[in-house]
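To keep things clear, I will list the structure first and then write my remarks on it.
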Amino acid sequence: MTQTRTNLIGLTREELTDAMASIGEKAFRAKQIWHWLYHQGVKNISDMTSLSKSLHAKMEEHFYIGRLEVARHLVSVDGSQKWLFRLEDGNEIESVFIPDEGRGALCISSQVGCSLNCDFCNTGTQRIVRNLTPAEIVGQLMAARDSLNEWPSGVDGRLLTNIVMMGMGEPLMNFDNVKKALTIIKDGEGTAISRRRITLSTAGVVPLIARCGDEIEVDLAVSLHAARDELRDILVPINKKYPLDQLLKACAAYPGARNARRITMEYVMIKDVNDSPEDARLLAKLMRQYKIPAKFNLIPFNPWPGTNYETSSNNAVHKFSRILNDLGFSAPIRQPRGRDIMAACGQLKSDSENQKLKALAAKRKAEHDAAEPLSA
Ligand code: SF4
């Protein structure tokens, strides 16, 4: 059924105020409703108990609270969790929650599929379908909070403390909606996740990096993965458009970057491709040459069905990390999490599509087997 009403989730404060004005309500109503939506996490307009029943009825004529439908929810033995969400148009996206000591990060998607086709990435094999709306981006956080039972916001000791825009899609290719969604997520009277706890990861959409710092004001991570243009052109093809020199200059100039707020260089470690000691030394040299306050995040490649790449050996990863440490850079190795629930980007959605294809093939075969032969 096509919705003719407006989803209250995903409207900025200004838009919510305008929406209330459109049904003859004053601005303070928007403030109350904001509190119910993003602080209390209510799922129904009728649960906003400080509003009168007649206002509930009036609002329900024009608005609804759109929550994401959970198609699958998997919990790993190591505590990480993954959700596959089905959107109103039937498309599917995923989010991953990774708990750690004293903190927990939710990895949020920004697009259905991705246009950048990074060679090592499972999402890169899924064509770009569309950008997510602000409601669908904020909705991932709200659904995770529902599952973790973390309403109302602002309670001490909550598990979900950080956001990383690092799920499916390139967030800077959906700049306006990501900006709107993060403005909502950061709001201190709502979900209240401070900008210092939000990191946006880009594959290197250079022209929008400065705007990200100025307008979205969150920490930056870069999917670097190679220290040489020839290799990065293959692993992260947007490098052909915006090569390392342009990317690293943009990082050096990133608004707000300094030693206390360093830029994270994500580096997927792929066996015999980018994991040599020379690669590590070259990375350190580049960071110095461009004066980037950087730290590294080394991620052992998480193989997915159909990939030609393999994970670097333990030895190679530790040696790589040590070289960067000796040259003055923090380079922790991210422990693989949620392998039992396929936590790497895009894997659950691909798995779901494979299952659908298998079901379709089985149905066709059954139909074919049952069909009458045309001639005896
Ligand atoms: S790594 Fe990120 S930008 Fe590259 S294809 Fe995957 S989702 Fe897209």
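Remarks
- Annotation: of all residues in the stretch 121-138 being of a type outside the set (S, T, N, Q) and in a helix (DSSP H, G or I), the one that is surrounded by the most Cβ atoms within 10 Å (Cβ to Cβ) is Ile137.
- All positions within the stretch 98-120 that are assigned to a loop (DSSP other than H, G, I, E, B) and either touching a helix residue (DSSP H, G or I) at 6+ places or on another chain (Cβ under 9 Å) or over 17 Å from Arg337 (Cβ atoms) (or both): Ile108, Ser109, Ser110, Gly113, Cys114, Ser115, Leu116, Asn117, Cys118, Asp119, Phe120
- Test: residue in the stretch 185-202 that is in contact with a strand residue (DSSP E or B) (Cβ under 8 Å, 6 or more places away or on another chain), assigned by TED's automatic domain parsing to the domain that holds Glu278 and over 28 Å from His39 (Cβ atoms): yes
- Any hit, the stretch 223-233, residues being within 13 Å of the ligand (Cβ to nearest atom), under 22 Å from Lys295 (Cβ atoms), at pLDDT 95 or above and not in a loop (DSSP other than H, G, I, E, B): yes
- Of the residues Leu141, Leu160, the single one that is under 25 Å from Leu8 (Cβ atoms), part of a loop (DSSP other than H, G, I, E, B) and either within 13 Å of the ligand (Cβ to nearest atom) or among the hydrophobic types (A, V, I, L, M, F, W, C) (or both) is Leu160.
- Of the candidates Ser153, Ser95, the single residue that is surrounded by 16 or more Cβ atoms within 10 Å (Cβ to Cβ), part of a loop (DSSP other than H, G, I, E, B) and away from the ligand (no atom under 11 Å from the Cβ) is Ser153.
- Qualifying residues in the stretch 100-112 (those that are in contact with a strand residue (DSSP E or B) (Cβ under 8 Å, 6 or more places away or on another chain) and surrounded by fewer than 22 Cβ atoms within 10 Å (Cβ to Cβ)) - the one farthest from Glu15 (Cα to Cα): Arg103
The values are calculated or read from the model by the stated rules, or taken from the named source; none is laboratory data. Quick caveat: nothing in here was measured; it's all calculated off a predicted structure. Heads up, the Cβs are rebuilt from the backbone with ideal geometry, glycines too, and the neighbour counts pull from every protein chain shown.
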